[in-house]
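Each remark here refers to the structure printed beneath this line.
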Amino acid sequence: MRRTGHINIIQAVAYKQNLPVYGFFFIVAGGVFAALIYLQPSDEDRLNEAVVAHAQAVGAVGEVEREGPLATYRLKDGSVIHVEFDKKDGKWVLGRDLFKEFERT
């Protein structure tokens, strides 16, 4: 009897054939994630939105000036309001009315 060597033929492994699919998925997922990060409004834009929203709530605002988190509203009747905005939980909210604090002193 003659012995012959065995040759094992291994079929192609499935995950190697699917590598392009995984690569495409990760590229698309990375692109979507990058787009979400890039398209978010900046901190300055969020602060401007908060200042404008508060000015609309005050009403009859003629002019708005902003220097960092401080805003000055010049009302149409000539009075002036100074306010400061604070960042809480990722949103800009009205921190304090500086004019009222100056009146107390």
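All of the numbers you see were taken from the coordinates with simple rules; none came from a lab. All values reported here derive from a predicted model rather than from experimental measurement. Quick reminder, even Gly has a Cβ in these numbers, built from the backbone with ideal geometry, and neighbours come from all protein chains shown.
What translational diffusion coefficient, to the nearest whole µm²/s, does the range 43-104 have by Stokes-Einstein, given a Kirkwood radius computed over alpha-carbon pairs, a temperature of 25 °C and 0.890 mPa s viscosity?
Values: Rh = 11.8 Å.
Calculated translational D: 208 µm²/s.
For Leu36, Leu70, what's the fewest-to-most ordering of other Cβ within 10 Å of each Cβ?
Details: Leu36 9, Leu70 14.
By the 10 Å Cβ count, ascending: Leu36, Leu70.
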